[in-house]
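So the structure is just underneath, and the comments pick up after that.
The values are calculated or read from the model by the stated rules, or taken from the named source; none is laboratory data. On a predicted model such as this, the values are computed, not experimentally measured, just so you know. Don't worry about glycine lacking a Cβ; one is built from the backbone with ideal geometry, like all the others, and counts go over all protein chains shown. What goes into the accessible areas is simple: the full protein's heavy atoms, side chains included, and nothing from ligands, DNA or RNA. Shrake-Rupley method; radii C 1.70, N 1.55, O 1.52, S 1.80 Å.
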Amino acid sequence: MAATLSRRSVFKVLAGVVAVASGGKAQYGYAPSLAYPALKVGNINNLRDGQAVYFNYPDGSAQGVLVKLGQRAIGGVGRGRDIVAFSAACTHMGCGVQFKGGRFVCPCHYSMFDPAKAGQCYQGLASTPLPQIRLRVAQNGDLLAQGVVGLIWGRARNI
Amino acid sequence: MSYERRDQLPIPPRNATVRNTVCQYCNVGCGYKVYTWPVGTQGGLEASQNAFGVNLSAQPPIAGQTYSETMHSIVTNKDGVQYHVVIVPAKDSPINLNGDHSSRGATNAIATFSEGRATRERLKYPMLRVGDQFQVITWQEALNILCGVAKGIRDKDGNDDNIAVKAFDHGASGAGFENNYGVGSLFFKGFSVKHIAIHNRPAYNSEVWGSRERGVHELNYDASDARLADTIVLWGANTYETGSVFYTEHMLPNLRGATIPEKQQSLERNEPVEAAYMIVVDPRRTSSLTIAQTAAPGRTLHLRPNLGTDYILANAIARVIWERGYYNMQYLQNRTDMAKFEEYKAKSLKLGTPYAEFMAQASRITGVPRADIEKAADWIAKPKTGGFRRRTLTIYEKGMIWNMKNYDQIAALVQMAVLSQNIGRPGTGCGRQGGHQEGYVRPPSPTPGSIYNGGPPVNVDKYLTDGGGKLYWVIGTNPYLSTPNNQLFRKRIHERTKALTDYLGQSGEPGTTEGYVTKVLEGLEATGGLFMVVQDLYMIHTALDAHLLLPASAWGEANQTSINCNSRLLRLYEKFMDPPGEAKQDWEICKLVGLRMADLYRKDGNEAEARKFEFGKGWNKDEDVFLAGASEFPDNNIPASEEATLPAECYKGVTYAFLKQVGQQGIRTPVRMENGKPVGTLRRYSTKFGTKDGKFSWYGTDDWEGYPPEVQKYLEGDMAQKYPFWMTTGRAQVIWQTMYNDRFLPEKMLTLPLPYIELHPQDAQRLSIKSGDIVEVWNEEGNGTFMVYVTDAVKPGLIFALQYHTRGTSNSMVSGYTDPKTTIPWYKGTRVAIRKLSGGLPDVTSNTSLLAQNKFD
Ligand code: SF4
Ligand code: FES
């Protein structure tokens, strides 16, 4: 399943605005420093190990990707702490990363990112890990995106 | 665990100051733009509201302007004003097309000095060791002590034999033509130092005399040649990781067929063109190979020679070229020395040995199958349909340079290229990839060439570890990580510096400068110790044993010039911030030392000696030194056909104003003057080679003689059992050199927290070692601990070790062998044992990726 939405509609669907940081930290943009929407990006019961689900977050022009790794991951949610989500835009020059063999590979210049290690770029030209999208599991198993840790490529502000 | 990430960055306003610069790190020399503006304001997201002129709420991939979290910082200038500094890839550079950049260069901004970040570790003031501490002193005091000691040594010895130096000789990284000329002037004009070594090796030598003495400077091609070539050979060069953007913007598009239109436009009419082939000669399955296999299936060839045998392989490929008639006799006769060619035919091609027998021998020595050697020759030299000559660009680097028998390795390779006419034409060339950028201009150095040309140069490491030298002055390099046989070197230098320290501290150190200097001079004689001076950006590993520390300024803290390696592109690296504290440019430190020395000699009434040290009297700003350096180059009012007579870096006639005007386009050295205007050189040796008669000078390489005793000892008897692994060494994508900046950056330290080895899965299984385990690697030379990656990058029985990391170096296990012809070490081959440390470091394995770095499909 892939949620799509426009920049404007996000603010209509969202259940509430979360993670408003303030003070000194926000001034330097330490993430999350912005008012991110909470948005359903999947349901825990529909995920299969090794499968990627693409969605848009925090607005209609930013692609995110949700994966269930089948192994514990930094920032992972779910019973196995193995569900993580990231911005799908390569932090090198913005191409869409592909989920293959348990990791993300960028088709443009072959940067590779480890989803179990907070999106660490363990090979390639990208200078920062993939921005990690914070997830929360609702009682009904819905996965809610609720903030982005790291700057989405091509932007000077995530939202 | 992660680290603090950002989700918004300050936006450069339209009125931000924009400057051109070039990445401070690798050989590629990517262009960057520096935006600065005072803290307190910023621009907006709309294209019309920011200095980039792009919409910063969403941009198209590749075409957009990259502005990553590592590309911003805040710095405070001497006037107390805080500035935002944004350093992003330039979009108008002919090198990093499309604004490409690597993970190293992307951190240029966060590597700047700030009291508020980890880079606060920069040296700000001169410091003097007092017992077991360093105390801050003034520059004047530091100069008085240093010059007092240096002059005292000279007065006693009557020469400079006991003044030993190890100094950078490169471009970028805060060096450049200006600082090279400062250092060179101090040690070759003021002092006459003969015990001087270059930053990464034990002597003062070229790493490629085997090519230069043939008439071929190692930087002879242009980046565009990688886009035009039919075949790209990477020989001991892992360009994707150590020259990243050269690979991604110039080689990869060619492998993918994206440069075919350029080929059609630039090459001969009706010449057949297609996507490139790539040959990788490397003991490892490097990422440069496996990416090519992914991007261009069926068009890659991997040759994995046994360590040290590359020159035999290059000669064997050349022999196939000869046998199959893939050469142009007219070219050889016109452009090469045919008398010397006979020696090459006899010794390198071994035409006296029947082909089948020769190939069987070559295959046995190198471990490379005959069919692969022949295929390589076809890909390198077989004429194309219609009789068009194939265009092959051969790029080599440390895998060849820091190989056994450095001279013969390099000579064999460049000769293979010339035999197949693969130098001086579009899409060809045979040269170094380079490690760092270049910027060499100095008065003549003590050793002119290899053993065949007045060499070999002195091994300064050996001189020091054998007890020679009194003053040891280390500038912009960290020999405690970078020199071979590192453990022995560290121990001996530590003992010798400590001997002096202990002597000085016997009963409180003298309180007066004169008293201190006198006691140092006394102590040097009494103990056989060393007085060590470290001039650097940071308190590096070597500095821990020093007596005097001199703070140097870095990239961006002054105007500098350098050339890159793939195009010899000279550009101005503009100053955008002040240095920390009292740190100074190396040229200025050298000038001040010189002037202080001159004072001391004048006081003695020795006017002649005083004058020698006044080389820097008229240097008031960076450009003064740049222009003074130009005087070392010969007359360059010559026609293009004579370019081969010029030193590769000749920039005579170029000024800062000119460089400001050409910006990122730069000018390619060697520069010639035509009608009073500087003109660059796109590609070298199209008409003549760099010898006296302009003809390529052949050389007959040695036969295979096995390994030198320093390594052969590990292949015999008990030692063979004890040390069952071959070890080769090299670099990794993520980090730059010894990590002098990187160790302060979380992106780097989390990704590569420890030095590591690569181990083949079969060996790993046998030894019950898995990725993430910590092992000890050792031999009779030394030891080190490393994290393990289990990977098919290496063969069974061979490990790869990261050469330097702030937490240790594989150079500890490397022997003291150097090529007797050049004094270049063999950093890339020895034998070792491995054992797993019991327990582990869960913190490392839970935060650091252990996934295969060479698997892209
Ligand atoms: S490829 Fe080299 S020059 Fe280019 S950004 Fe990276 S380190 Fe700098
Ligand atoms: S855009 Fe992903 S590696 Fe370059």
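What is the dipole size for the protein assembly as shown, taken about its Cα centre, with +1 at each Lys and Arg Cβ and -1 at each Asp and Glu Cβ, in debye to the nearest 20? Please report the intermediate quantities before stating the final value.
Details: 112 positive and 96 negative charges, 511 e Å.
Approximately 2460 debye in magnitude.
Between B:S562, B:F856, B:A630, the Cα set farthest toward the positive side of the dipole of the protein assembly as shown (charges on each charged residue's Cβ, about the Cα centre) is that of B:F856. Counting only helical runs of four or more DSSP H residues, what would the 222 nm mean residue ellipticity of chain B come to if each run contributes -39,500 (n - 2.57) and the total is spread over all its residues? When only DSSP H runs of four or more count, the value is -8000 deg cm²/dmol. Of all lysines in the structure, those lying under 23 Å Cα to Cα from B:K770, and not within fewer than 8 positions of it along the same chain, are A:K100, A:K117, B:K722, B:K748, B:K795, B:K836, B:K855. A simple spin-label model places pseudo-atoms 7 Å from Cα toward Cβ; at A:R48 and B:E115 they are separated by 6.0 nm.
Across peptide B:743-752, the average count of Cβ atoms from other chains found within 10 Å of a residue's Cβ is 2.
With a 10 Å cut-off around each Cβ of B:100-107, the average count of Cβ atoms from other chains is 5.
Relative contact order (percent) for chain B, with alpha-carbon contacts under 8 angstrom and 6 or more residues of separation?
Details: 1960 pairs, mean separation 154.8, N = 857.
In percent, rounded to a whole number, it is 18.
Once fully extended, how much extra length lies between B:Q361 and B:W704, figured as 0.36 nm per residue of separation less the alpha-carbon to alpha-carbon distance? Numbers along the way, then the final one.
Working: separation 343, 0.36 × 343 = 123.48 nm, distance 0.98 nm.
Computed gain between B:Q361 and B:W704 is 122.5 nm.
The B:K617 and B:V18 beta-carbon pair, evaluated with R₀ = 35 Å, returns a calculated FRET efficiency of approximately 0.50.
How long is the gain from B:Q712 to B:D624 if the chain were fully straight, where each residue apart is worth 0.36 nm and the alpha carbon distance is subtracted?
Values: separation 88, 0.36 × 88 = 31.68 nm, distance 5.17 nm.
Using 0.36 nm per residue and subtracting the Cα-Cα distance, I get 26.5 nm.
Summed for both chains, how many Å² of accessible area, to the nearest 100, are buried between A and B with a 1.4 Å probe?
Details: alone 8310 and 29630 Å², together 33500 Å².
The buried area between A and B, both sides summed, comes to about 4400 Å².
Label point of B:K692 set 7 angstrom out along Cα-Cβ; within segment B:310-354, amide nitrogens under 17 Å from it belong to B:336-341.
Can you tell me the relative contact order of segment B:709-847? Whole percent, Cα pairs under 8 Å, sequence separation 6 or more.
Working: 265 pairs, mean separation 46.8, N = 139.
The value is 34 percent.
Using a 1.4 angstrom probe on heavy atoms only, work out the carbon and sulfur share of the accessible area of segment B:655-746 in %. Please list the in-between numbers first.
Working: 2060 of 4060 Å².
Taking all protein chains in place, segment B:655-746 shows 51 percent carbon and sulfur surface.
The label point for B:Q765 and the one for B:S631, both projected 7 Å from the Cα toward the Cβ, are 6.9 nm apart. The distance linking segment B:487-559 with segment B:28-45 is 40 Å (Cα centroid to Cα centroid, whole angstrom). If one computes the Cα centroid of segment B:583-613 and of segment B:77-116, what distance in Å separates the two points? When both Cα centres are located, 36 Å separates them.
What trypsin sites (Lys or Arg not before Pro) does segment A:79-122 have in DSSP loop regions with at most 15 other beta carbons within 10 Å? Don't skip to the end; give the middle numbers.
On the way: sites: A:R79, A:R81, A:K100, A:R103, A:K117; in loops: A:R79, A:R81.
Those satisfying the criteria are A:R79, A:R81.
Once you wrap a convex hull around the alpha carbon atoms of segment B:709-847, what is its projected area averaged over all directions, in nm²?
Working: hull surface 36.1 nm².
Taking the Cα atoms of segment B:709-847, their convex hull projects to 9.0 nm² on average.
In chain B, inverting the average of 1/r over every pair of distinct C-alpha atoms gives 28.0 Å as the Kirkwood radius.
Highest mean first, the peptides B:790-799, B:268-277 sorted by other C-beta atoms within 10 Å per residue fall in the order B:790-799, B:268-277.
In Å², and per residue, what accessible area does the protein assembly as shown have when probed at 1.4 Å with the other protein chains present?
On the way: 33500 Å² over 1016 residues.
The answer is 33 Å² per residue.
Taking Cα centre as origin and charging only the Cβ of basic (Lys, Arg, +1) and acidic (Asp, Glu, -1) residues, the dipole magnitude of segment B:220-432 rounds to 260 debye.
Distance between the 7 Å Cα→Cβ label points at B:E268 and B:K124: 6.5 nm. Once Lys and Arg get +1 and Asp and Glu get -1 on their Cβ, which of B:L349, B:I279, B:S266 lies farthest toward the positive end of the dipole of segment B:220-432? In segment B:220-432, that residue is B:L349.
By how many nm would the segment from B:K722 to B:S641 lengthen if fully extended, with 0.36 nm per residue of separation less the alpha-carbon distance? Mind dumping the intermediate values first?
Details: separation 81, 0.36 × 81 = 29.16 nm, distance 5.81 nm.
Length difference between fully extended and current span is 23.4 nm.
If you average the sequence gap of Cα pairs under 8 Å that are 6 or more apart and divide by the length of segment B:220-432, what percent do you get for the contact order? The normalised contact order for segment B:220-432 reaches 31 percent. Computed from the C-beta positions of B:T512 and B:N77, the FRET efficiency with R₀ = 35 Å rounds to 0.45.
For the residues of B:60-70, the average number of beta carbons from a partner chain within 10 Å of their own beta carbon is 6.
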